[in-house]
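A quick write-up on the structure given underneath.
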Amino acid sequence: MGIMRESNRVQFGFLSAWRDGTRTDWVAWNEALTVLTLVSRPDLVSVAHQIDRVFWETNRKINMCEITSEEEWAAARSTIEDARLIFINLARRQLADRPEPVARLAARPPFPEGGQQVAEVERPTQS
């Protein structure tokens, strides 16, 4: 799905923005979100909008220099990935008839529990 490809690009863009001030390109993300909004069920659109809210909050934190350490970046990244995972699992149920959820997006080891502060992400109701 285009929305997942573009969400990945935005997430990597945020990492560059945080590390070296590179400006994040939002155009392809906004286009993918618009296409999804036109063709998908409202509950899938809603969880995609949740990713967008997390993106805007992360972007705000980067711009305001509120992410100042690897630990804070890890927490921001976890919040993004949590929102993306909710979308993925709902899309798997709706579009691919795959009711079993995936637990994470990447093969890298998870962050240690003790140093991680992850904001709550809205979870959709089961349909």
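Of all residues in the stretch 56-74 being surrounded by fewer than 19 Cβ atoms within 10 Å (Cβ to Cβ) and among the polar types (S, T, N, Q), which is farthest from residue 105 (Cα to Cα)? Of everything passing the filter in the stretch 56-74, 63 is farthest from residue 105 (Cα to Cα). Does the stretch 53-60 include one or more residues that are under 21 Å from residue 102 (Cα atoms), of a type outside the set (S, T, N, Q), touching a Leu at 6+ places or on another chain (Cβ under 8 Å) and in contact (Cβ under 8 Å) with a residue 12 or more places away in the chain? No, because not a single residue in the stretch 53-60 is under 21 Å from residue 102 (Cα atoms), of a type outside the set (S, T, N, Q), touching a Leu at 6+ places or on another chain (Cβ under 8 Å) and in contact (Cβ under 8 Å) with a residue 12 or more places away in the chain. Taken together, 5, 53, 41, 77 contain a single residue that is within 21 Å of residue 89 (Cβ to Cβ), surrounded by 15 or more Cβ atoms within 10 Å (Cβ to Cβ) and of a type in the set (Lys, Arg), which is 77.
Read the figures in this text as sums done on the coordinates, not as results from a lab. Quick caveat, the model's predicted, so the values are computed rather than measured. Using ideal geometry, Cβ is built from the backbone for each residue, glycine included, and neighbour counts are taken over all protein chains shown.
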